[in-house]
Amino acid sequence: MIKAILSDFSRVVLFTQDAHEGASHKALYEKISQKPDYNVFDYFTVNTALLDFYKSLHLPAYIFTSGLVQEDPQFQPHLKPIFSKIFSGKIMGLKKDNPESYKRILRQINIKPEEAIYTDDKIENIEAAKQAGLHAFRYANNEDLFAKIKEIVLATK
């Protein structure tokens, strides 16, 4: 039975606006956050369809991300209602391409690897999560991800 969703942040939950396509989220955020009265939504878009989907699963959801962009207060109204906790690799000294990182996070939330789903846009992180025993899916688009997650949630009930 699936008991938790673990999700990457950049390029899964958060995207840059079209004019900044391909830009490093961290570099772009560091640049704009230096401006007084910046609006992150002039540069970034939150994947609200994905957040709504996570909410519809009625499962605890967590973010596992490398950096700190998600800490911006402007993102909090979108994130706090959905995610129980955000795990930052930077703060915790974890690498997303290391299977031990996923095991450590799952121990903290008291979930067995086979009870968790992880999604990320990078294949090396997906492989690490799979090596740790999680169900892991590479994010390409919402529709494909929704179908894969629904299938595994139903199959493990």
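Computed quantities for the displayed model
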item	result
Test result for Ile32, without any contact (Cβ under 8 Å) to a residue 40 or more places away in the chain, surrounded by 15 or more Cβ atoms within 10 Å (Cβ to Cβ) and in contact with a helix residue (DSSP H, G or I) (Cβ under 8 Å, 6 or more places away or on another chain)	yes
Where Phe64 falls short, out of the listed (1) of a type outside the set (A, V, I, L, M); (2) in contact with an Asp or Glu (Cβ under 8 Å, 6 or more places away or on another chain); (3) in a helix (DSSP H, G or I); (4) under 19 Å from Leu134 (Cβ atoms)	(3)
Neighbours by Cβ (under 9 Å, 6+ apart or cross-chain): first from the stretch 12-29, on the phi > 0 side of the Ramachandran plot and crowded, with 16+ Cβ neighbours inside 10 Å; second hydrophobic (A, V, I, L, M, F, W, C) and modelled with pLDDT of 85 or more	none
Residue within the stretch 75-83 that is over 30 Å from Asp37 (Cβ atoms), surrounded by fewer than 17 Cβ atoms within 10 Å (Cβ to Cβ) and out of contact with any strand residue (DSSP E or B) (no Cβ under 7 Å at 6 or more places or on another chain) present	no
Total residues in the stretch 38-52, condition surrounded by 18 or more Cβ atoms within 10 Å (Cβ to Cβ) and farther than 15 Å from Gln17 by Cβ	2
The listed residue being under 25 Å from Ala132 (Cβ atoms), assigned to a helix (DSSP H, G or I) and touching a Gly at 6+ places or on another chain (Cβ under 7 Å), out of Lys103, Lys96, Lys26	Lys26
Some residue of the stretch 95-118 being under 18 Å from Asn47 (Cβ atoms), surrounded by 13 or more Cβ atoms within 10 Å (Cβ to Cβ), under 13 Å from the mean Cα position of the chain (by Cα) and without any contact (Cβ under 8 Å) to a residue 60 or more places away in the chain	no
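Quick grid of which residues meet (1) over 27 Å from Ala147 (Cβ atoms); (2) touching a residue at least 12 places away in the same chain (Cβ under 8 Å); (3) of a type in the set (Phe, Trp, Tyr):
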{"position": "Ser10", "(1), (2), (3)": "no, yes, no"}
{"position": "Gln74", "(1), (2), (3)": "yes, yes, no"}
{"position": "Pro77", "(1), (2), (3)": "yes, no, no"}
{"position": "Phe83", "(1), (2), (3)": "no, yes, yes"}
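Here is a yes/no grid of residues against (1) farther than 30 Å from Leu154 by Cα; (2) without any contact (Cβ under 8 Å) to a residue 12 or more places away in the chain; (3) part of a helix (DSSP H, G or I); (4) not hydrophobic (A, V, I, L, M, F, W, C):
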{"residue": "Phe41", "(1), (2), (3), (4)": "yes, no, yes, no"}
{"residue": "Tyr54", "(1), (2), (3), (4)": "no, no, yes, yes"}
{"residue": "His58", "(1), (2), (3), (4)": "no, yes, no, yes"}
{"residue": "Gln70", "(1), (2), (3), (4)": "yes, no, yes, yes"}
{"residue": "Ile86", "(1), (2), (3), (4)": "no, no, no, no"}
{"residue": "Ile91", "(1), (2), (3), (4)": "yes, no, yes, no"}
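The values are calculated or read from the model by the stated rules, or taken from the named source; none is laboratory data. Here the structure is a predicted model, which is why all the values come from computation and not from measurement. Counting neighbours? That spans all protein chains shown, and the Cβs are built from the backbone with ideal geometry, glycine included.
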